[in-house]
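The values are calculated or read from the model by the stated rules, or taken from the named source; none is laboratory data. Here the structure is a predicted model, which is why all the values come from computation and not from measurement. Cβ placement follows ideal geometry from the backbone for every residue including glycine, while neighbour counts extend to all protein chains displayed. Note: areas computed on protein heavy atoms with side chains; ligands, DNA, RNA excluded. Shrake-Rupley method; radii C 1.70, N 1.55, O 1.52, S 1.80 Å.
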Number of protein chains: 2
Amino acid sequence: MAKIAPLSGFPEWLPSGRIVEQHMIDVLRSTFELHGFSGIETRAVEPVERLLSKGETSKEIYLLRRLQDQGADSELGLHFDLTVPLSRYVLENAGHLDFPFRRYQIQKVWRGERPQDGRFREFLQADVDVVGQDTLAFHHEIELPLVMVDALSKLPIPRVKILASNRKVAQGFYQAIGLEDVEETLRILDKLDKVGPKVVAEMLGEIGASEDQARLALELAGIRGDDAGVADRVLALGCRSELLDEGLEELVALLEGANDLIPGSVSADLKIARGLDYYTGSVYESVLEGHEDLGSVCSGGRYDSLVSDGKKTYPGVGLSIGVSRILARVIGRELVTPTRKVPTAVLVAVNDEGERRHAEKTAQQLRGRGVAAEVSPNSAKFGKQIRYADRRGIPFVWFSTDDGEQVKDIRSGEQVVADAAQWVPPASDLTPELRGSDE
Amino acid sequence: MAKIAPLSGFPEWLPSGRIVEQHMIDVLRSTFELHGFSGIETRAVEPVERLLSKGETSKEIYLLRRLQDQGADSELGLHFDLTVPLSRYVLENAGHLDFPFRRYQIQKVWRGERPQDGRFREFLQADVDVVGQDTLAFHHEIELPLVMVDALSKLPIPRVKILASNRKVAQGFYQAIGLEDVEETLRILDKLDKVGPKVVAEMLGEIGASEDQARLALELAGIRGDDAGVADRVLALGCRSELLDEGLEELVALLEGANDLIPGSVSADLKIARGLDYYTGSVYESVLEGHEDLGSVCSGGRYDSLVSDGKKTYPGVGLSIGVSRILARVIGRELVTPTRKVPTAVLVAVNDEGERRHAEKTAQQLRGRGVAAEVSPNSAKFGKQIRYADRRGIPFVWFSTDDGEQVKDIRSGEQVVADAAQWVPPASDLTPELRGSDE
C-alpha cells in the first residue's frame, strides 16, 4: 500500500479551509444568479479530439482508460477548462436553450502540468459567459467583467481590478505598422512580463519585425489608463487603420461604461494579449492587489467563432475566476479564517446514557428552527463535554439540569434558562462566519 | 471532429434540471450542517493501489494517463466512491481532525461499468459518516440513518424509508446453524431479490449448505418488522449464539430509537446483506416509495476497521445517497420542475440603446437588495422584450416610462408604479421554486 501523502498539485482543505471555499462558492453563485445567469454543470470528460481542437494545452490533458478495457469506448479525457465543455453543451442543446444564453459554471478542471505556486493539476474554476446565436451585442463586453467585479468585491479578499485590452486594437495596430503575423506577435507580447522588453524585441526581430516595428509594438504594450486618454495615446503613435479605430472605440466604451457603473472597476492595459487565438474583441485579465505575483485570477474575453456547428455560429463573451488559485493564497496564508471549524452552534450535553434520547429531542427541536446542533457523543463529566465543544469552537453547550433546561455561552461562561422551542443564538453565532486577517 | 452527442452514462441537465439538482444539493448540505457535520471535498483521484484495496469494483476504475506522459507519476485513478477517499483523508489528516469526526461530502464519482437505468459512469453521491478514533459508540448507528431520513424528507420526492439489518445477526445466525463461510453466504443472499429463493438455495447448496441450513438462511432473510417482534421471530427459528443476541439487541435498539425520534423512519429487513465485506454492525438500504425498481437510493453501514494506519483504527458508520439516481428519475419523468428556467426575477426593458445605462443602474439597484435582475439584451419593441421574459419564465418586466418607473407582472398583466430602491417581488417569485408533479 502506498504511503499516505498529499499528491502534489491536488490541493485539499481541512474542514476549516473548506468553510472558506464553500463560502466563496456561495457568494459567486448567488451573485451570478442575481445577474440572471443560469447554473449548469457538465460532465468531467469530453472526447479527446474535442479537447485537442482548441488552445495549446494538448500535452496537459489527462486521458482515461478503464482498468479492464473492452476497447469499445471512444477515447475520453478530463476537461482542462470550462469553455470547451460550454461550446459542446451549447451545440448539443441549442434547440432547448434561449439565446443569448447566460450561464455560469463552477467546477473542477484538470491539467497534467507541473505543479507550482498557484498552479494545480486539479483546480476549481468559476466561469460566466453570455453566448448569442449568430450575433451578440457589444454591451455584453461591458457587462461581463462587471459581474465578476461585483462577485469578487463581496469576498473577504484583497481588491481585484480588471485589466482590459481589445484584440482589434492590437491587430489593427500591428497591421497598420506592417506586422502581418498577428497571432505570433501576440504570443510574443504575451511573454513581456516574464522576459522583459529587450527579449521581446529580439523575438519580434526573429519573426521579421524591423527595429521600428518592434519599438512601436512595445510602445503600444506600455499604454495604460482608465479613460479616453488611452485612445489618444495610441493615436499619438501615428498609425491608423479602420480596425484599430473600431477597437479603440470599443475599449473606450468599455472603460467609460464599466467605470460609470462600478467606479475603479476596469483599467486599460494594452500589454494584455491572452495566449488563446479565439478572442476577437475585448480581452480581460486581472490582479489581486498585493498579490500580483499570483498572476491573473480572473481572465477571459470576447470570441466570435469558438462555437459553430457549420450552420450557425455562437459568439460569446466570458470570464473565468481561478478560485483555487485565490483560495490557496488566502487559506494558505490564513488571510481568511472561519469563526469556527464546524457548523454546529450548540452541543447538547448528555447527563448519562439513559438520557441520550432526551438530548436528541432537544437537538431535533433546535434544528427544526435552523439552529445547528449535535448531541455529545459521550456522557462524560460536563467539563469534558465542554472541552469537546471548545476544541471545535462550538459556542454554546445545552444542559438539562434539575432547574430545567439551560444554555451556556462557553466563551463568556454565562448560563441562562432556555426553551429549545424558542431559544436562538445571536445571528453572528448561527453559522461560521469569515474573518479577514486584519480583523 | 466527433459528432456532438450525449455520452451514455454521463448525465447532464438542461438549466431547469440543474435548478432541481442544485436545490437538492442545497437541502442535503444544509440538513447535514444542521446536524453538525463538516463538509469536506477530496481530490477526484487516488493512487490505484488504494482504489483496488477495498471492495469489488476493480474493473470499474478509470485510470488516468497524461497525453504526453513523462513517466514519473505513480498511477492514479478516479475515485469510484467517497468512502475510500474518506479513509485516506482521515489517515492523512488525523493529527488535525477532532474525533469523532463528523463529515459530509457531496461529490461526483466515476465507475466504468455498463450504463443502464439508474446506473451511470459519472454520478453524484452525498455521504455522511462519523469516524471515531479506536472506538465509536453504538448510538451513532441510530443517529446516522436519521440524518438521511431528515434530509430526504425535505426534498420534493417520494418518501424514502430506511431498511436495516445487522451483520452480527446474519453472522451469528449462520454460525449458529453451522454455515461457516459467512462472507460467501452473505454474497449469495444479497442476490435474493434478483434470482429468487430457489436459486439462492441451490447456490447455498453449492457451497456446502444442507437443505435445512439453506431453508433457515432463507427464513431469516424473510423476516421484517418495525419493532422488537423482529427479534422474537428470529429467536423462534430456534438458533442462538452470543453474536446473534448482540446483533438482535442492536437491531431492536436501532428500531426503537429511530422510530421514537422519527416515527416510521426505519424498518428491519433481514434480507439486506450489502455486498461489501467491511461492514461489521448495522447495515442500511432504502427504497424510494413507488420507485422500488430503482433499487436502494441510500445505503451504508457500520465498519470497524475500514480505516487503520497500523497503530490506530478508525471505526465509523455512514450512509451514501445516490443523488444522480434519484435525480434522473424525478427530472427524467418531470416529477419535479422549477417554477422558471432562469434565476432572473425581473427583466429591465431598454427603451433605446441610449438609455441602456439607465436600465443597468435600475438592475444594479434591484440586485443590491437581493432581487435577481437582467437588462434586456436589445431595445426591440416592448412586445418582443416581454416575449424574451415570457419564454424564460421571468415573471416581471421593468419599464422606464414618461410616467416614471413601472413594473409589470407579465402573467397577470398588472402594471404598477415602482421604485427600484424599494420594490420587491412576492417571496414566491424571488427565486425559482420547485413543484412536485401533483401540484
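Checking each residue in region A:345-394 for being out of contact with any Leu (no Cβ under 9 Å at 6 or more places or on another chain) and either among the acidic types (Asp, Glu) or closer than 16 Å to residue B:38 by Cα (or both) picks out A:347, A:352, A:353, A:355, A:390, A:391, A:393.
Is it true that residue A:282 is over 30 Å from residue A:392 (Cα atoms), surrounded by fewer than 23 Cβ atoms within 10 Å (Cβ to Cβ) and among the small types (Gly, Ala, Ser)? Taking the combined requirement at face value, the residue does not satisfy it. If you go through region A:175-196 and pick out every residue that is loosely packed, with under 14 Cβ neighbours inside 10 Å and more than 20 Å from residue A:243 (Cα to Cα), you end up with 4. Taken as a whole, the structure leaves residue A:246 outside the set of residues that are part of a helix (DSSP H, G or I), farther than 16 Å from residue A:182 by Cβ and open to solvent by 60 Å² or more (accessible area, probe 1.4 Å). Looking at region A:87-110, is at least one residue on the phi < 0 side of the Ramachandran plot, β-branched (Val, Ile, Thr) and in contact with a Cys (Cβ under 6 Å, 6 or more places away or on another chain)? Checked region A:87-110: no residue is on the phi < 0 side of the Ramachandran plot, β-branched (Val, Ile, Thr) and in contact with a Cys (Cβ under 6 Å, 6 or more places away or on another chain).
Please indicate, with yes or no, whether at least one residue in region B:219-232 is touching a Phe, Trp or Tyr at 6+ places or on another chain (Cβ under 7 Å) and open to solvent by less than 20 Å² (accessible area, probe 1.4 Å). There is at least one residue in region B:219-232 that is touching a Phe, Trp or Tyr at 6+ places or on another chain (Cβ under 7 Å) and open to solvent by less than 20 Å² (accessible area, probe 1.4 Å). Scanning region B:179-202 for residues that are in a helix (DSSP H, G or I) and within 24 Å of residue B:280 (Cβ to Cβ) returns B:182, B:183, B:184, B:185, B:186, B:187, B:188, B:189, B:192, B:193, B:200.
Residue check: residue B:156 meets all listed conditions (1) surrounded by fewer than 22 Cβ atoms within 10 Å (Cβ to Cβ); (2) within 17 Å of residue B:314 (Cβ to Cβ); (3) in contact with a Leu (Cβ under 7 Å, 6 or more places away or on another chain) but one, namely (2).
For region A:17-34, enumerate the residues that are open to solvent by 10 Å² or more (accessible area, probe 1.4 Å) and either of a type outside the set (D, E, K, R) or facing another protein chain (nearest Cβ under 7 Å) (or both). Answer for region A:17-34, where residues must be open to solvent by 10 Å² or more (accessible area, probe 1.4 Å) and either of a type outside the set (D, E, K, R) or facing another protein chain (nearest Cβ under 7 Å) (or both): A:18, A:19, A:22, A:23, A:25, A:27, A:30, A:33, A:34.
Of the strands (runs of 3 or more DSSP E) entirely within region B:63-146, those holding at least 1 residues that are basic (Lys, Arg), farther than 16 Å from residue B:322 by Cα and at the interface with chain A (Cβ under 9 Å from one of its Cβ atoms) occupy B:101-110.
The test for being surrounded by fewer than 18 Cβ atoms within 10 Å (Cβ to Cβ), in a helix (DSSP H, G or I) and either at pLDDT below 95 or out of contact with any Pro (no Cβ under 6 Å at 6 or more places or on another chain) (or both) does not hold for residue A:172. Considering only residues in region A:128-146 that are surrounded by fewer than 23 Cβ atoms within 10 Å (Cβ to Cβ) and out of contact with any Pro (no Cβ under 9 Å at 6 or more places or on another chain), the one that is nearest to residue A:255 (Cα to Cα) turns out to be A:146. Can residue A:14 be described as within 9 Å of another protein chain (Cβ to nearest Cβ) and surrounded by fewer than 17 Cβ atoms within 10 Å (Cβ to Cβ)? When the stated conditions are applied, residue A:14 passes them.
From the list A:246, A:256, A:250, the lone residue that is within 18 Å of residue A:186 (Cβ to Cβ), of a type in the set (Asp, Glu) and within 26 Å of the chain's Cα centre (by Cα) is A:250. If only residues of region A:376-398 that are open to solvent by 10 Å² or more (accessible area, probe 1.4 Å) and in a loop (DSSP other than H, G, I, E, B) are counted, the one that is farthest from the other protein chains (Cβ to nearest Cβ) is A:381.
Please tell me if residue B:319 is under 27 Å from residue B:24 (Cα atoms) and touching an Asp or Glu at 6+ places or on another chain (Cβ under 8 Å). In short, yes.
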